[in-house]
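Structure, as structure tokens:
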Amino acid sequence: MSALAHARTFAAHPFISKSRLETSSRDPAGSRPKTAFVLSGGASLGAQQVGMLRALYESGIVPDFMIGTSVGALNATFVASRPQTVETIGELAAVWRGLRREQVFPVRWRELVLGLVGRGDHVVSDRGVREIVNRHLTIARLEDAVVPVHLVAFDLVKGEEVRLSRGPALEALLAATAIPGLLPPVVRGSRRLIDGGVVNNTPISHGVDLGAERVYVLPTSGASRAVGERPRGALEAATDAITLMIDSRRRADVARYARTTELIVLPAPNPHHVRPTDFAHAQSLIEGGLIAARALLAALTPPQSVARRPAAAAS
């Protein structure tokens, strides 16, 4: 079976809130709910979001603002800081196809040893992420983005989520992607900021708090391993446990916010169970996300219920 056929077979079940089904057909001509894209964390699985984004932009669906954490923060900022077109998504796809694990997480023995013996708070330098971000960042500050973008981090000092909407873009991205224990936290004033995905990997709550009436959720997990199949080793078992916790939080948030907000959770197919640390399968993940998202968006009826911006606004 081909990779594309696998994507169709194993696509994770999407979700469309009851609110969406009840109200979308009543949208007056020309009206458009305030729309947010929420992008989850997931390391290399963030490639799936590129396919989802392409499907959305192909359909003329563009956001009023974007929210992301971890790798979702990187994808969101890349897109939000450029023209809102399919071509921009193509540029992001090219970046993903060129990534390798050693570029993102360059291992140096000194940092690794210091972290393992308890004399450091991380085992990998942020040099890799910093270089990648610097290479592709087109804005100096978050508020300079074409579409408002909000990044979610977590403050270790106060023990609370932090939404970054203004300020230096590089610093904000490093904070929102600082996987605890792996990458160093970012000090911002009295705060020590890490990846917001540790507590809220799919920050739907921030979209609702910012006034979104319709939220497109772009996850990175949802297609679990076959029932009864045992994990291969401790690392895979730990990864699966974290995935279960993340999915549980997302399901709870979807159930909570679907009562008042239109939620469209796009499917995140991963039929070959690519691990979040494996960056060698970007193209197949992009294709799988694209095919599954196209199918979901095409199934939304009536067709005019998908609110769109005028063409001039998407250029």
Practice problem: Please give the contour-minus-distance gain from residue 127 to residue 244: 0.36 nm per residue of separation, less the Cα-Cα distance, rounded to one decimal in nm. | Solution: 39.1 nm
Practice problem: Mind giving me the nanometre distance, one decimal, between the label points for residue 158 and residue 16, set 7 Å out from Cα along Cα→Cβ? | Solution: 4.0 nm
Quiz item: Of 257, 216, which has the most accessible area and how do the rest follow, probe 1.4 Å?
Solution: 257, 216
Exercise. Round to the nearest 10 and report in Å² the accessible area of residue 245, as given by a 1.4 Å probe over the protein chains' heavy atoms.
Key: 130 Å²
Exercise. Grab the Cα-Cα distance for residue 299 and residue 100, subtract it from 0.36 nm times how many residues apart they are, and report the gain in nm with one decimal.
Key: 68.1 nm
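Give me the extension gain from residue 256 to residue 190: residue separation times 0.36 nm, minus the current Cα-Cα distance, reported in nm with one decimal.
On the way: separation 66, 0.36 × 66 = 23.76 nm, distance 3.27 nm.
Taking residue 256 through residue 190 to full extension adds about 20.5 nm, to one decimal.
The values are calculated or read from the model by the stated rules, or taken from the named source; none is laboratory data. All of these numbers come straight from a predicted model, not from anything done at the bench. Using ideal geometry, Cβ is built from the backbone for each residue, glycine included, and neighbour counts are taken over all protein chains shown. Accessible surface areas use protein heavy atoms only, side chains included; no ligands, DNA or RNA. Shrake-Rupley method; radii C 1.70, N 1.55, O 1.52, S 1.80 Å.
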